[in-house]
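The next block holds one structure in the form of structure tokens; read it before the comments.
The values are calculated or read from the model by the stated rules, or taken from the named source; none is laboratory data. Nothing here was measured: the structure is a model prediction, and the numbers come from that model. We place every Cβ from the backbone using ideal geometry, glycine too, and count neighbours over all the protein chains shown. Ligands, DNA and RNA are stripped out before the accessible areas are found, and what is left, the full protein with its side chains, is counted by its heavy atoms. Shrake-Rupley method; radii C 1.70, N 1.55, O 1.52, S 1.80 Å.
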Amino acid sequence: MSWKRIWAIVLRQYYLIHKNATRLVNIFLWLIFDIIVWGFTTRFLNQAGQANFNFIPVLLGAIILWGFLIRVQQGVILPFLEDMWSGNFLNLFASPIKNREYILGLFGTSITTSAVVFTVAIALASSAFGYNLLTVGLPLLLLLLVLFLFGLALGIITISLILRFGPSAEWFAWIMPFLFSPISGVFYPIATLPHWLQIASKINPLSYVFEGLREVTIQGIFSPNPLIIGAILALIYLVGAYLIFAHTFKVVVKKGLLARFSAE
């Protein structure tokens, strides 16, 4: 495995994004709008509602973490889509690069972009709405770890689907995280779900993240064990996602389906 080739994938994305307003807007815009909309929504709920707690940390904190998950996933898939749209994907794998090096390069891009976007989101929420997610403290690191691992897994699964079914399947890239949102408890406790969905949520790492956030925010306590379970589940998903990708890549190469991603 060559770290130079891995770094080349990261560096290529840097050159694509650097001084390109269109790509920069795509990275930041959606989460910024989400924070603004939900920030004003929580202010309205605080004024109109009768709850004995502040809606801002409950909902605004959730939307920042949800946006971080989406950014991690898109940090993996957008470089892949760039290669697909430009017809560069086939050329890339005509080089000595290995598929695991390519995936690690995408991970590097995801780490960089998600960290920058998360920092901007924290600054915006703090300056505009007086909410600083960093006040959660050390538990935040475990929350972010679970989100990061699962976001990478979702990104790899998405790439595998596009590889297997062709460029027409790229719509998976935009809906994949939302398939898990009903059983993630992003804006409501898992206890509000029907019993059968509560059972399904137990194998969803995201449910442990947002339940943990509410526990820290509302009750002021932190139980590490559920989040450790969530981290283990997320790691299992990540390993499974890579194995699926490796198998899919072999099938696609063997059947000659990789040619679908060449320039026309």
Whole angstrom only: what separates the Cα centroid of the stretch 151-185 from the Cα centroid of the stretch 92-125? 16
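Please go through the stretch 197-260 and write out the trypsin sites (Lys or Arg not before Pro) that DSSP classes as loop and that have at most 16 other C-beta atoms within 10 Å. Don't skip to the end; give the middle numbers.
Details: sites: Lys202, Arg214, Lys250, Lys254, Lys255, Arg260; in loops: Lys202, Lys255.
Here the sparse-neighbourhood loop sites are Lys202, Lys255.
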Have a look at Gly67, Gly75, Gly220 and tell me which one the Gaussian network model of the chain (Cα, springs below 10 Å) gives the largest fluctuation. Gly220
Total lysine pairs under 19 Å (Cα atoms) in the stretch 3-263, excluding pairs fewer than 8 apart on one chain: 4
Classified through the alpha carbon gyration tensor (a ≥ b ≥ c as square roots of its eigenvalues; rounded if a/c is under 1.5, else prolate when a/b is larger than b/c, else oblate), the stretch 116-158 comes out oblate
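How large is the accessible surface per residue of the chain, computed with a 1.4 Å probe and reported in Å² as a whole number? Let's see the in-between values first.
Numbers: 12960 Å² over 264 residues.
Solvent-accessible surface per residue comes out at 49 Å².
Tell me the carbon and sulfur percent of the accessible area for the chain, rounded to whole percent, probe radius 1.4 Å.
Numbers: 9010 of 12960 Å².
Within the chain, the accessible surface is 70 percent carbon and sulfur.
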Cα-projected label distance for Ile232 with Ile218, points at 7 Å along beta-carbon direction, nm: 2.6
Rank Phe40, Phe107, Phe68 by mean-square fluctuation in a GNM of the chain with C-alpha springs under 10 angstrom and give only the top-ranked residue. Phe40
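Working out 0.36 nm times the residue gap between Asn225 and Leu134, then minus their Cα-Cα distance, what length gain in nm do you get to one decimal? Walk me through the intermediate numbers first.
Numbers: separation 91, 0.36 × 91 = 32.76 nm, distance 2.08 nm.
Difference between extended and current length: 30.7 nm.
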